[in-house]
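Notes follow the structure.
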Ligand code: SRM
Ligand SMILES: Cc1cc2nc3c(=O)[nH]c(=O)nc-3n(C[C@H](O)[C@H](O)[C@H](O)COP(=O)(O)OP(=O)(O)OC[C@H]3O[C@@H](n4cnc5c(N)ncnc54)[C@H](O)[C@@H]3O)c2cc1C
Ligand code: SF4
Ligand code: FES
């Protein structure tokens, strides 16, 4: 029906199938216009609309197909005629005809231009030389990748704005030395002010990118073959580079419009009114980055473009709508740094005040712009944009707490916990899709959404740039709780019990099988199923902790247990980002004899592994392929090494300081105690990893007070500290007991660890556990020191059983041919290594070939000869 | 010398371009744990068997990181459908359709698998 080209069916022609064009088509369909109109689209690029905003994610593994925004079923269902790879070349407004490159001529009743913009390339000599690129389309990106891989080791980006930083990040991800050349005195001059630029600069330089601000590009220097070799800068210096990516801003693509006499702005952009209709011709609309909006601006962001698409579609449907301007708020994660600006970020309003928090050491910069009456007008956040969602929504109103409280870091003074509950219903939470708090609440209360994904589907909130998802989650939780929906405390979708309850069930009923536990004690709907990635390792860990007591196999790869382990435990090694593994043999207490050091050196050399001293006083060997693990371990075991359980939620290391034996201050033999403790608790599976240290005196060189259980020597024995933590939220350990003898110390640690394993939640370190359990440290002391629950005998005998039954996992594995058969990259080509695991040199060692990960596959070599057991014909 | 016909040695087979491609013995697939297989054109497939014996095959490459590791993830059931969680950054993929459950815009190829 809609394909009929009768005179009675009016025709809408859309020129440009980019992000805004696609949104316009969706808006047409939503308003039923695709049923009443013939809709024809001329698309210049060789593929239909895709997510340009996420372009850079190609380098982290997204394929062009993943980026597509066009559901072909949608196009077909609505009878849209989509001409891919066929740009419009001319418009005859008099005759209302559009001509395409293929020669196709289309009559239109309504013409919509959504031609986007083109990257601006400054007119410097040799700007078109081989090795010069722009960064706008998938094709650009493929060309950059190809060139970077084959011909470049250094790349320079012209322009230090938002896109320039993205492009520089992409070059760095491709393994190049990346430079950024920015004419302005700071990075991202449009979005951030001087202070923000400084914070950004420090962080970006720390990542190894070279930044040159305040200099312009004067000339691209080329070699004899005409390819780029460097660039001349305005300060007289020359920068050697193999490729150049121009990212010096964009310009509206308005040539087509100029050629047919449509009015364009002084600095470009097709002039339109508030309905997005061109000011020249009522039959022609312009939307997206090619349009000069009624407020005199050309918007270079996708959210305003979407609003224009809606406005144009509504106008065509004779509904009332207007685009009068949009918020330029943006939040980006550039090279891993949060950068956000919202509202009147530069404080242009009269009489406004700034509230600034800045910590250049950690790359933090936060500024709020406040009006005289306390109204929040805008702001800039660099380094930590946690508060962006809430702050943006408060813009234009007086926040309920003092503004400085909003930018102080957590922990300083009294950080304001300004939750989204304080927001009014009309506050815009998602600015990409213009969704208010009221709409989101409605999704929960009226449309009965109970999860964030459901609310996303229902309201579209959070499906654009994603920056509002955090606030969205908080709102949904708050709304659910307010509606009296009980927040489920169960471990996961499969079990309604907490980890502690499951531990009690396993222990009391001596359950040794996960399936049995799931089928008898799981939630009704989960019984008979395959569980999930949360409860499997949790139950696997509980069974392993209790193995000798409940009669389960003490070996984590035995039978069903193998299927419960996280990948690291399953391969008894640590998975690295390219699919290779690291190997960490145990070095108890950090003490190692020269002979053993030599063995490690020899193995690392023979297998070509990267070696590094870890933060846990031992040596890590990286870059082992899965099929190499058994031969590496055969040699390690032979030399007397054991698994270091660097992969397990189990005891990691017991660090030591050199202590009384050598140190003039030492009062006890801290090395011996560290070794004893490490050997006693090695292999003990627990809710999270366990770390320990022993210091020989109060100077504390082993940092015992930052450990799950730390020991410090005194003149009379040992002090035991518990609940310490390094990591993201450091916590000093609390003193549990003083002046203990060796035997007392060990007995107390036995009890403490077993009580923790019994009562902690999954992935809860001793520090958080101690803070969470009712009664805190006092309660734990009552239980493990004063035996207030009468369970200490049981705790001790559980530990005794663990110690008595410990066996080295690797020794066991290399003696079991059936288990060893699993250590291959390919079941059908056991001798073939995974081709994605490859390495390049760095500082005399290896590092992963990361660019390879983004392509996935180098051009195929013939594989038939390596494939075994295939019955290919 | 035994002449008994082998009836227990079922092969896991993958549907590729209209043909069945044999990959390994069914017995090498541990329920709840995957294996990776190499295809003649260099692609990699992650194969799984659930506790009820059903077989699944999806592309082995984790689209979020680029590493070929999906076969090494943990499997499970979500709303009655089988999935694997990437061992690297834990995104879950439906084993039947290849769709990512945590990001609608992402999917990996899914293959038809049988044992015979
Ligand atoms: C190798 C090592 C870094 C190094 O090169 O030095 C390292 C590497 C990893 N650490 Fe660590 N940590 C290493 C010492 C530390 C230390 C220092 C220490 O142990 O004294 C800490 C702070 C102390 C602490 O844990 O309280 C540390 C705090 C963390 C944390 C934060 C834990 C927390 O409670 O906040 C994580 C994340 C987690 O476990 O959730 C982590 C996670 C990791 C993981 C497992 C991340 C991952 O999932 O890939 C890294 C993989 C290890 C591997 O071999 O592939 N690593 N990590 C160190 C290995 C020590 C060892 O010999 O076993
Ligand atoms: C790397 C990158 C990162 C970005 N990040 C963000 C971000 O984080 N947030 C944000 O809001 N914005 C971001 N943007 C900007 C955002 O992509 C644009 O605002 C958005 O794509 C504009 O949509 P559009 O449809 O107007 O233009 P486009 O998406 O450029 O689409 C225009 C289309 O029209 C086609 N065309 C041009 N002329 C013709 C013709 N004569 N005939 C047929 N077709 C034609 C073009 O080939 C193009 O496909 C980013 C852009 C890039 C390049
Ligand atoms: S700090 Fe630890 S977890 Fe983070 S990158 Fe370094 S090794 Fe990995
Ligand atoms: S603000 Fe961008 S998705 Fe919500």
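Select, from A:31, A:23, the only residue that is within 16 Å of ligand 4 (Cβ to nearest atom) and touching a helix residue (DSSP H, G or I) at 6+ places or on another chain (Cβ under 9 Å).
The conditions single out A:23.
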Q | Matching residues, the stretch A:277-291, being farther than 10 Å from residue A:113 by Cβ and in contact with a helix residue (DSSP H, G or I) (Cβ under 8 Å, 6 or more places away or on another chain) | A | A:277, A:289
Q. Is one or more of the residues making up the stretch B:1-15 farther than 26 Å from residue A:817 by Cα and in contact with a helix residue (DSSP H, G or I) (Cβ under 6 Å, 6 or more places away or on another chain)?
A. no
**Q.** Test: residue A:66 is assigned to a loop (DSSP other than H, G, I, E, B) and under 22 Å from residue A:24 (Cα atoms)
**A.** no
Q) Just wondering, is there one or more residues in the stretch A:13-25 that are more than 22 Å from residue A:464 (Cβ to Cβ), at pLDDT 95 or above and not in a loop (DSSP other than H, G, I, E, B)? A) yes
Q: Select the helices (runs of 4 or more DSSP H) contained entirely in the stretch A:511-567, then report the ones holding at least 1 residues which are away from chain B (no Cβ under 12 Å), over 26 Å from residue B:81 (Cα atoms) and more than 31 Å from the chain's Cα centre (by Cα).
A: A:535-550
Q) Looking at the stretch A:118-147, which of the residues that are within 16 Å of ligand 2 (Cβ to nearest atom) and assigned to a strand (DSSP E or B) is surrounded by the fewest Cβ atoms within 10 Å (Cβ to Cβ)? A) A:118
Q: Test residue A:115 against the criterion of being within 9 Å of ligand 2 (Cβ to nearest atom), touching a residue at least 24 places away in the same chain (Cβ under 8 Å) and touching a strand residue (DSSP E or B) at 6+ places or on another chain (Cβ under 9 Å), and give yes or no.
A: yes
Q: Give the residue, chosen from A:493, A:462, that is in contact with a strand residue (DSSP E or B) (Cβ under 9 Å, 6 or more places away or on another chain), within 14 Å of chain B (Cβ to nearest Cβ), within 13 Å of ligand 4 (Cβ to nearest atom) and in contact (Cβ under 8 Å) with a residue 12 or more places away in the chain.
A: A:462
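Please specify each residue of the stretch A:355-374 satisfying the condition of being out of contact with any helix residue (DSSP H, G or I) (no Cβ under 7 Å at 6 or more places or on another chain) and either part of a helix (DSSP H, G or I) or surrounded by 15 or more Cβ atoms within 10 Å (Cβ to Cβ) (or both).
Result: A:361, A:362, A:369, A:371.
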Q) Any idea how many residues of the stretch A:78-102 are part of a strand (DSSP E or B) and in contact (Cβ under 8 Å) with a residue 12 or more places away in the chain? A) 11
(Q) Test of understanding: among A:381, A:377, A:332, which residue is in a strand (DSSP E or B) and more than 16 Å from ligand 4 (Cβ to nearest atom)? (A) A:377
Q. Applying the selection to the stretch A:528-545, what residues are on the phi > 0 side of the Ramachandran plot and buried (at least 24 other Cβ atoms within 10 Å of the Cβ)?
A. A:531
Q: Identify all residues within the stretch A:724-747 that are more than 11 Å from ligand 1 (Cβ to nearest atom), in contact with a strand residue (DSSP E or B) (Cβ under 6 Å, 6 or more places away or on another chain) and either within 14 Å of chain B (Cβ to nearest Cβ) or part of a loop (DSSP other than H, G, I, E, B) (or both); write none if there are none.
A: A:741
Q. Does residue B:84 satisfy the criteria of being touching a residue at least 24 places away in the same chain (Cβ under 8 Å), in contact with a helix residue (DSSP H, G or I) (Cβ under 7 Å, 6 or more places away or on another chain) and at the interface with chain A (Cβ under 7 Å from one of its Cβ atoms)?
A. no
Q: Can you give me the number of residues within the stretch A:792-815 that are closer than 28 Å to residue A:623 by Cα and either touching a residue at least 12 places away in the same chain (Cβ under 8 Å) or within 11 Å of chain B (Cβ to nearest Cβ) (or both)?
A: 8
(Q) Looking for something crowded, with 23+ Cβ neighbours inside 10 Å and either under 21 Å from residue A:515 (Cα atoms) or facing chain A (nearest Cβ under 8 Å) (or both) - is there at least one such residue anywhere in the stretch B:106-116? (A) no
Q | Residue that is nearest to ligand 4 (Cβ to nearest atom), among those in the stretch A:447-459 that are away from every other protein chain (no Cβ under 12 Å) and part of a loop (DSSP other than H, G, I, E, B) | A | A:449
Q.
Filter the stretch A:26-48 down to the residues that are assigned to a loop (DSSP other than H, G, I, E, B) and closer than 15 Å to residue A:76 by Cα and list them by number.
A. A:32, A:37, A:48
(Q) Going by what's in this entry, would residue A:596 be described as at the interface with chain B (Cβ under 10 Å from one of its Cβ atoms) and either touching a helix residue (DSSP H, G or I) at 6+ places or on another chain (Cβ under 8 Å) or surrounded by fewer than 18 Cβ atoms within 10 Å (Cβ to Cβ) (or both)? (A) no
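Going by the structure shown, is residue A:723 touching a helix residue (DSSP H, G or I) at 6+ places or on another chain (Cβ under 6 Å) and surrounded by 15 or more Cβ atoms within 10 Å (Cβ to Cβ)?
yes
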Q: Could you pull out the residue among A:92, A:71, A:86 that is within 15 Å of ligand 2 (Cβ to nearest atom), surrounded by fewer than 19 Cβ atoms within 10 Å (Cβ to Cβ) and under 41 Å from the mean Cα position of the chain (by Cα)?
A: A:86
Q: Show the residue pairs that are 6+ apart or on different chains and have beta-carbon atoms under 6 Å apart, the first residue being within the stretch A:421-437 and more than 12 Å from ligand 4 (Cβ to nearest atom), the second being part of a helix (DSSP H, G or I).
A: A:421/A:478; A:423/A:393; A:423/A:437; A:425/A:437; A:425/A:438; A:427/A:393; A:427/A:437
Q) If you take the residues in the stretch A:103-117 that are assigned to a strand (DSSP E or B) and surrounded by 15 or more Cβ atoms within 10 Å (Cβ to Cβ), which one is nearest to ligand 4 (Cβ to nearest atom)? A) A:117
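Taking into account only those residues within the stretch B:92-102 that are assigned to a loop (DSSP other than H, G, I, E, B) and more than 9 Å from chain A (Cβ to nearest Cβ), which is nearest to residue B:48 (Cα to Cα)?
Of everything passing the filter in the stretch B:92-102, B:95 is nearest to residue B:48 (Cα to Cα).
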Q. Which condition does residue A:442 not pass, out of (1) crowded, with 17+ Cβ neighbours inside 10 Å; (2) touching a residue at least 24 places away in the same chain (Cβ under 8 Å); (3) more than 12 Å from ligand 4 (Cβ to nearest atom), if it passes all the others?
A. (2)
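The values are calculated or read from the model by the stated rules, or taken from the named source; none is laboratory data. Bear in mind the structure is a predicted one, so any value in this text is a computation, not a measurement. FYI the Cβ positions are ideal-geometry reconstructions off the backbone, even for glycines, and counts take in every protein chain you see.
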